[in-house]
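The values are calculated or read from the model by the stated rules, or taken from the named source; none is laboratory data. These figures come from a predicted structure and were not determined experimentally. Ideal geometry is used to build each Cβ from the backbone, glycine not excepted, and the neighbour counts take in all protein chains shown. We work out accessible area using only protein heavy atoms, side chains counted, and drop any ligands, DNA or RNA first. Shrake-Rupley method; radii C 1.70, N 1.55, O 1.52, S 1.80 Å.
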Amino acid sequence: MLPTIALLAANAFLPDPLVHLETGKPIRTRAEWDSQRAAIRAAYEKYVFGRIPPAPGNLKASVLSEERLGRLTLRKVLLEFGPDRKARLHLELALPPGAGPFPVFLTNHPRARPWAATAVRRGYAACIYQAQDPRYGPSDDSESYKTAYPDYDFSMIARWAWSASRAIDYLETVPSLDKTKIAISGHSRNGKQALLAAALDPRIGAIALSSGNTGEGNPWRYTTEAFWNESIEQITTGFPEWFHPNLKQFIGREHELPVDQNLLMALVAPRGLLLASAYSEAQGAP
């Protein structure tokens, strides 16, 4: 049983990104913004996602196979990292013909879905990292992080997002890729993790998300039944591993949550962020 979080200051409106979370003072300088970024991340780790490890310094990449598919080169890679290299992550890299450098389309949607293929047809290299809901087909490699990092309690969405950064660690070693042009995308639950990945990793230059809804584009404060969106109660009950258990304690107390999704989006600035949702979206009506 988790200890109850002490009553926090109520705020019915979205927190202002340019008012420091801890001091309450306005942000006027880059140094103050850097401090605010750290405060936002710390609050998200405490209340929403759990503690996230630092980047490992011992990434090992092994090419498992490489084949031609028409004019494309498909490379399968295994990453091993973390304490005793117990953490593992599989990648699929689709490289267009030519020397590059190619911009990169990054996603955790498996190749059976058309996301990566569409990007490759438009001149991108595509990288798929195998950290996603196993109901999509492939297993979820991020499960290995639980054993590798027992002192970190990062939730499933956070583990998927952290995997995107480990994929980028490898992409930076591939000569034919343009490391200054990495875009990320995801739909639904994968939109949630893609936003977090971009918020935490400045190497991601463009973010285009689709119907991530609650935990992505919907502010937590406006997800109660009155707003006809998926609530904290619904999402933490239906998918308890997606977010840290602390989030449950804000059911009915959404206005006491110190952070909200606009702060996570603010961490992306000044990079490009596109949010898309259907007008008829059942769990996230805009």
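The figures follow:
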| read-out | value |
| --- | --- |
| Sole exception among (1) open to solvent by less than 10 Å² (accessible area, probe 1.4 Å); (2) within 26 Å of D34 (Cα to Cα); (3) in contact with a strand residue (DSSP E or B) (Cβ under 8 Å, 6 or more places away or on another chain) for A208, by number | (1) |
| Qualifying positions in region 36-68 - open to solvent by 40 Å² or more (accessible area, probe 1.4 Å), touching a Ser or Thr at 6+ places or on another chain (Cβ under 8 Å) and in contact (Cβ under 8 Å) with a residue 60 or more places away in the chain | A55, A61 |
| Test result for A199, open to solvent by less than 40 Å² (accessible area, probe 1.4 Å), under 17 Å from S185 (Cβ atoms) and of a type outside the set (S, T, Y) | yes |
| So A198, is it part of a helix (DSSP H, G or I) and in contact with a strand residue (DSSP E or B) (Cβ under 8 Å, 6 or more places away or on another chain) | yes |
| Flag for T223 being more than 12 Å from the chain's Cα centre (by Cα), within 30 Å of Y279 (Cα to Cα) and buried (at least 24 other Cβ atoms within 10 Å of the Cβ) | yes |
| Subset of region 95-124 [in contact with a Lys or Arg (Cβ under 8 Å, 6 or more places away or on another chain) and closer than 24 Å to R189 by Cα] | V104, A117 |
| Any hit, region 237-256, residues being in contact with a strand residue (DSSP E or B) (Cβ under 9 Å, 6 or more places away or on another chain), open to solvent by less than 60 Å² (accessible area, probe 1.4 Å) and among the small types (G, A, S) | no |
| Filtered residue count, region 69-94, keeping only those that are without any contact (Cβ under 8 Å) to a residue 24 or more places away in the chain, among the basic types (K, R) and open to solvent by 50 Å² or more (accessible area, probe 1.4 Å) | 1 |
| Some residue of region 263-272 being touching a residue at least 60 places away in the same chain (Cβ under 8 Å), open to solvent by 10 Å² or more (accessible area, probe 1.4 Å) and not in a helix (DSSP H, G or I) | yes |
| Matching residues in region 9-32 - criterion: being surrounded by 14 or more Cβ atoms within 10 Å (Cβ to Cβ) and in contact (Cβ under 8 Å) with a residue 12 or more places away in the chain | N11, L14, P15, P17, H20, L21, E32 |
